[in-house]
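Working notes, structure below.
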Amino acid sequence: MTPDGHPAAGVLRVAGTVVGVYRFVLTRQWVFLTLMALALIPAMIKLGFWQYHRHEHRVAQNQLIEANLRAKPVPMTEVTSPGHRVPRADFWRAVTATGTYDTAHEVVVRMRTDNDDKVGFHVLTPLVLSDGRVVLVNRGWVPGGDDPRAYPPVPTAPAGEVTVTGRLKADETSGGSGIKDRKGLPDRQVMLINSEQQAQYLGRTVLGGYLELTAPAPADGSPETVADPDHDSIGPHMAYAVQWWLFAAAVPVGWVVLVRREKREREEEAARAETSRQEPATA
């Protein structure tokens, strides 16, 4: 037992007073609130890092697009082959191909938008190389007619041997694009640009991926060439990351504010009760 005159006794009395004042934080309501705050803090920090990693991914993707678009075009036969899965590092890479358009086996890709978000079709024309292999060329966008199931008016591809330049794109799949590969479509209409599907349709050897045409541009502007992918915007992810981290920092601050307010209200209530108790005695 500590004597009353011992310095530690004063400390113990103060500590006991503090514990008594804040004993309410051990009530069920406050325990629940505290546990919820403790759970929210790491969750918000994790969400902040998730958004930060998305920001980093967007920046890296923009840098990749910029580098690949500015790179000197290389023959498509050097970067892909039949059945080849185009790696992310080669997305949007500038490529060239020389051959002859096979307009008899041209198809259109449904539900594609132009640069103004109008819905129409992309024109997919096989380009037959000198060795007989095929490069799929997305020549661009054309509007649909009144009947969405009808084959749209498509400008004729150039005749004879041509050299085309464009962006290398990976084969589209339902899983990667979110586009459902519907069956039973009208003749010469498809939902996805996929080299394996087109190889079966053509009965030819088709290089993996496809070329999204950038040059030569059509003389009359149709089909409308697909615009460069957006690589200037970094999106709101960094702002969202900072926002989540600020929320995480605000939780303990808010908890302290609520505790102090509860303490003040309890002290005021106790003071009012004490005043009410003393008034009859004074009278």
Within segment 107-120, can one find any residue that is in contact (Cβ under 8 Å) with a residue 40 or more places away in the chain and in contact with a Leu (Cβ under 6 Å, 6 or more places away or on another chain)?
yes
If I filter segment 127-139 down to residues being under 16 Å from residue 190 (Cβ atoms) and of a type outside the set (S, T, N, Q), which single residue comes out as surrounded by the most Cβ atoms within 10 Å (Cβ to Cβ)?
139
Among the residues of segment 236-247, is there at least one that is in a loop (DSSP other than H, G, I, E, B), out of contact with any strand residue (DSSP E or B) (no Cβ under 8 Å at 6 or more places or on another chain) and closer than 22 Å to residue 139 by Cβ?
no
If you check residue 258 against the conditions, is it in contact (Cβ under 8 Å) with a residue 24 or more places away in the chain, surrounded by 10 or more Cβ atoms within 10 Å (Cβ to Cβ), within 23 Å of residue 35 (Cα to Cα) and out of contact with any Pro (no Cβ under 9 Å at 6 or more places or on another chain)?
yes
Matching residues in segment 21-48 (of a type in the set (Lys, Arg) and either surrounded by 14 or more Cβ atoms within 10 Å (Cβ to Cβ) or within 23 Å of residue 266 (Cα to Cα) (or both)) number 2
Could you run through segment 237-255 and say how many residues are over 20 Å from residue 39 (Cβ atoms) and surrounded by fewer than 16 Cβ atoms within 10 Å (Cβ to Cβ)?
2
Search result, residues across segment 121-177 that are part of a loop (DSSP other than H, G, I, E, B), touching a residue at least 24 places away in the same chain (Cβ under 8 Å) and under 19 Å from residue 84 (Cα atoms):
129, 132, 133, 170, 171
Test for residue 232: is it in contact (Cβ under 8 Å) with a residue 24 or more places away in the chain and more than 23 Å from residue 91 (Cα to Cα)
no
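Read-outs throughout are calculated quantities, based only on the coordinates presented, and are distinct from any laboratory measurement. Just so it is clear, the structure is predicted and the values come from calculations on it, not from any experiment. Please note: Cβ atoms are built from the backbone with ideal geometry, for glycine as well, and neighbour counts cover all protein chains shown.
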